[in-house]
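Student: The structure is given below, and queries will be raised subsequently.
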């Protein structure tokens, strides 16, 4: 591995996303609505994102969940999954499975 390559590149991406300016530790919060509101604010105000705001916000949330994998505590995974539904509601999209 090159010396300048971060060992946890996914942490680098979520911490220094080129598309969204995320609030610090947003994915560790316990309130799904608060997480969704923060992601929506970041996506709506970004001038660097390449996709629509909803897609950018959801992609960042999914990226974090997928990269954390088995290391993500079950309770926090549930909070983040609920944040997905909250994000859908905020953007007027149908809830998952509905």
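Student: What number of residues within the range 44-60 satisfy the criterion of being loosely packed, with under 13 Cβ neighbours inside 10 Å and either part of a helix (DSSP H, G or I) or touching a helix residue (DSSP H, G or I) at 6+ places or on another chain (Cβ under 6 Å) (or both)?
Tutor: Matching residues across the range 44-60 total 1.
Condition check ((1) touching a strand residue (DSSP E or B) at 6+ places or on another chain (Cβ under 8 Å); (2) crowded, with 18+ Cβ neighbours inside 10 Å; (3) on the phi > 0 side of the Ramachandran plot; (4) modelled with pLDDT of 90 or more) across all residues:
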| position | (1), (2), (3), (4) |
| --- | --- |
| 4 | no, no, no, no |
| 18 | no, no, no, no |
| 32 | no, yes, no, yes |
| 36 | no, yes, no, yes |
| 64 | no, yes, no, yes |
| 75 | no, no, no, yes |
| 92 | no, no, yes, yes |
| 95 | no, no, no, no |
| 98 | no, no, no, no |
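Student: Right, next: Identify, please: which residue in the range 54-65 is without any contact (Cβ under 8 Å) to a residue 40 or more places away in the chain and under 19 Å from residue 24 (Cα atoms) and is, among those, nearest to the chain's Cα centre (by Cα)?
Tutor: Looking at the filtered set, the residue picked out is 61.
The values are calculated or read from the model by the stated rules, or taken from the named source; none is laboratory data. The shown structure was predicted, so the numbers you read here are calculated from the model rather than taken from an experiment. Positions of Cβ are generated from backbone atoms using ideal geometry, with glycine treated the same way; all protein chains shown enter the neighbour counts.
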